Amino acid sequence: MGTVLLTALDGRFGDSADAVAVDGVALSREQLLGAAGAVAARIAGAPALAVLTRPGVETVVATLAGLLAGVPVVPVPPDAGPKEREHILRDSGAPLLAVAARDRDTAAHGARLLTVDPAERGAAPDEPAADGGTAFVLYTSGTTGAPKGVLISRRAVAAGLDGLADAWSWTPDDTLVHGLPLFHVHGLILGVLGPLRIGGRLVHTGRPAPQAYAAAGGSLYFGVPTVWSRLAADEVSAKALSAARLLVSGSAPLPVPVFERLAALTGHAPVERYGMTETLITVSTRADGERRPGSVGLPLAGVRTRLVGDGGNPVPADGESVGELQVLGPMLCDGYLGRPDADAESWTADGWFRTGDVAVIGPDGFHRIVGRASVDLIKSGGFRVGAGEVEAALRDHPAVADAAVVGAPDADLGQVIVAYVVPEGPVTGGQLTAFVAERLSVHKRPRRVVLVDELPRNAMGKVLKKQLLEP
Ligand code: MLC
Ligand code: AMP
């Protein structure tokens, strides 16, 4: 087979019986290619392939099949409730939903179910030679409305992974370990396609539990800050990671005390990197450079960054001035599926992407992420959750007159989703939490519901969320 994006799949770095292991099930690269080849033959010519991304080898096989066949892959969170799942399938237009055998009774909302059998074998087709095609349509939350599909090209994935290989000295000698969800940039694009492009083994632990990380014996570990803080609280597991080469944190800010405890227990100061669904990873500290607590380091090769003030004026890189971070680079997405309005909002006239993150850049080029411009984008456990989407789900409940959702600071999850609800009938917080968890994804559920008589609003009628966040 010819490889363009998945360059480690053609055997040039050798193979092993456990090249890719997910939740205890291992496949060699050859087996993986054979299984993906069989699926690729069944999806040839489809406009898109949705994949129910349970943490299993089936998800890896289906994703690989889409990439080999040149069919854009649309990851669906495995616990997405009917509202979210239907939106993703309808909006993406994916006519096929790939599932593992145990999910073959899943509701597909008009799509055709395609059961993935990792034991099946077929000839793997050559990857599409053109690298500009869409690899993924990744659904991600905005401040309002339903999630938007981000168009990520094969070229962006290749450039993003090569940038990380350079920054992290990531080579075919590495064994990558993580247990992150397989429907986001972190777990899927970096965490699965990384080893398929760069080489080396992958051990996905099913869930990102400290003991599982400790038992996996890898050289390179990925985690969101919640994973690292739970690991740092488990001294025995943390110490087992001292044999690793590199620990990488991302998807949300790594608290400095967690950085320091992790460094003390493992002997490794973690590398922190910054990115977004829309941009992949653009800024990182380097394996061969300074790893500064509270800092995400330097732009990757080929990336340019700048800070912009409220009126669009440039903000100096003086280590003190804050501005919105804007980025440019070969790993940026191609825009939002069918959403020219969102494209227009997110790109500047001169082609830079507005991240919506507020940052400081030092004279030495080190970047520090200070926060988000909008209170309506919440990061909980590394998951990006739009307040508007959760509010809309709450308002679908017959006993809810009004709702406002905020992200409150939380030691474990970074931010925890809190809903302020004005009821118009008998209802409990627990019922509302379950209602959201069943309709959207489980991680979007409010962990705390506060029933109130009314929401604080300004003269324009806008909810004063900062007031809700005051202790
Ligand atoms: C709990 N559960 C419920 C429930 N309450 N199920 C149904 N209804 C309810 N009301 C179940 C869950 O399904 C799960 O079951 C279990 O309880 C625990 O769920 P949880 O409480 O949600 O998990 P928690 O331990 O809080 O999760 C922490 C975490 C998770 C760190 C494991 O937040 C996580 O995986 N985060 C990673 C996010 C990520 O990858 N982000 C990357 C975005 S990309 P069960 O059976 O499953 O145990 C990006 C770009 C970049 O940001 O820069 O990387
Ligand atoms: P997502 O689209 O889920 O990938 O979320 C992207 C957002 O995660 C960014 O806009 C940031 O707000 C946040 N983020 C990612 N990495 C970091 C980091 N290292 N430090 C702080 N915030 C981060």
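The values are calculated or read from the model by the stated rules, or taken from the named source; none is laboratory data. The model shown is predicted, which means the values in this text are computed figures rather than measured ones. Cβ atoms come from the backbone with ideal geometry, glycine included; neighbour counts cover every protein chain shown. All accessible areas refer to the heavy atoms of the entire protein, side chains included, with ligands and DNA or RNA removed. Shrake-Rupley method; radii C 1.70, N 1.55, O 1.52, S 1.80 Å.
Annotations for the structure displayed:
- Scoring Leu49 on the criteria (1) free of Cβ contacts under 8 Å to residues at least 24 places away in the same chain; (2) under 25 Å from the mean Cα position of the chain (by Cα) leaves a single failure, condition (1).
- Across region 378-395, not a single residue is classified as over 19 Å from Thr143 (Cα atoms), among the hydrophobic types (A, V, I, L, M, F, W, C) and free of Cβ contacts under 8 Å to residues at least 60 places away in the same chain.
- Selection of region 23-43 for residues being outside any helix (DSSP H, G or I) and either at pLDDT below 95 or within 12 Å of Pro118 (Cα to Cα) (or both) yields Val25, Ala26, Leu27, Ser28.
- Top-ranked residue in region 228-253 [being of a type outside the set (Gly, Ala, Ser) and open to solvent by 10 Å² or more (accessible area, probe 1.4 Å); ranked as nearest to ligand 2 (Cβ to nearest atom)]: Pro253
- Failed criterion for Gly34 (all others in (1) under 23 Å from Pro128 (Cα atoms); (2) within 27 Å of the chain's Cα centre (by Cα) hold): (2)
- Here Ser219 meets each of (1) out of contact with any Lys or Arg (no Cβ under 8 Å at 6 or more places or on another chain); (2) at negative phi; (3) away from ligand 1 (no atom under 13 Å from the Cβ) with one exception, condition (1).
- In region 273-286, the residues that are more than 8 Å from ligand 2 (Cβ to nearest atom), open to solvent by less than 20 Å² (accessible area, probe 1.4 Å) and either in the same structural domain as Ala135 (by TED's automatic domain parsing) or in a loop (DSSP other than H, G, I, E, B) (or both): Thr279, Thr285
- Pairs with Cβ under 8 Å, 6+ apart, first in region 223-240 and more than 14 Å from Arg207 (Cβ to Cβ), second among the hydroxyl-bearing types (Ser, Thr, Tyr): Pro225/Ser249; Pro225/Ser251; Trp228/Ser249; Ala238/Thr266; Lys239/Thr266; Ala240/Tyr213
Quick grid of which residues meet (1) outside any strand (DSSP E or B); (2) open to solvent by less than 20 Å² (accessible area, probe 1.4 Å); (3) under 22 Å from Gly145 (Cβ atoms):
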position	(1), (2), (3)
Asp364	yes, no, no
Ile369	no, no, no
Val375	yes, no, yes
Lys379	no, no, yes
Val385	no, yes, yes
Glu389	yes, yes, yes
Leu394	yes, yes, yes
His397	yes, no, yes
Asp402	no, no, yes
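- Residues in region 115-144 that are polar (S, T, N, Q) and not in a strand (DSSP E or B): Ser141, Thr143, Thr144.
- Check on Pro172, within 13 Å of ligand 2 (Cβ to nearest atom) and open to solvent by 10 Å² or more (accessible area, probe 1.4 Å): no
- Filter pass, Ala342 being surrounded by 13 or more Cβ atoms within 10 Å (Cβ to Cβ) and touching a Leu at 6+ places or on another chain (Cβ under 9 Å): no
- Pairs, first without any contact (Cβ under 8 Å) to a residue 60 or more places away in the chain in region 258-276, second within 14 Å of ligand 2 (Cβ to nearest atom) and of a type in the set (Lys, Arg), C-beta under 8 Å, six or more apart: Ala269/Arg291; Pro270/Arg291; Glu272/Arg291
- Of the criteria (1) in contact with a Lys or Arg (Cβ under 8 Å, 6 or more places away or on another chain); (2) of a type in the set (Val, Ile, Thr); (3) over 30 Å from Val450 (Cα atoms); (4) away from ligand 1 (no atom under 15 Å from the Cβ), which one Val322 fails: (1)
- Of all residues in region 117-150 being of a type in the set (A, V, I, L, M, F, W, C) and farther than 15 Å from Val76 by Cα, the one that is farthest from ligand 1 (Cβ to nearest atom): Ala123
- Test for Ile198: is it closer than 19 Å to Val60 by Cα, within 15 Å of ligand 2 (Cβ to nearest atom) and touching a residue at least 40 places away in the same chain (Cβ under 8 Å): no
- Those residues of region 431-450 which are aliphatic (A, V, I, L, M), more than 10 Å from ligand 1 (Cβ to nearest atom) and loosely packed, with under 14 Cβ neighbours inside 10 Å, in sequence order: Val450
- Subset of region 286-307 [out of contact with any helix residue (DSSP H, G or I) (no Cβ under 6 Å at 6 or more places or on another chain), in contact (Cβ under 8 Å) with a residue 24 or more places away in the chain and not charged (D, E, K, R)]: Ser295, Val296, Gly297, Leu298, Pro299, Gly302, Val303, Thr305, Leu307
- Within region 58-85, being surrounded by fewer than 23 Cβ atoms within 10 Å (Cβ to Cβ) and part of a helix (DSSP H, G or I) holds for Pro82, Lys83, Glu84.
Conditions tested, residue by residue: (1) of a type in the set (A, V, I, L, M, F, W, C); (2) open to solvent by 40 Å² or more (accessible area, probe 1.4 Å).
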residue: Ala108; (1), (2): yes, no
residue: Val116; (1), (2): yes, no
residue: Gly132; (1), (2): no, no
residue: Thr140; (1), (2): no, no
residue: Thr144; (1), (2): no, yes
residue: Ile152; (1), (2): yes, no
residue: Arg155; (1), (2): no, yes
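- Condition met for Pro409 (open to solvent by 50 Å² or more (accessible area, probe 1.4 Å), more than 30 Å from Gly223 (Cβ to Cβ) and more than 18 Å from the chain's Cα centre (by Cα)): no
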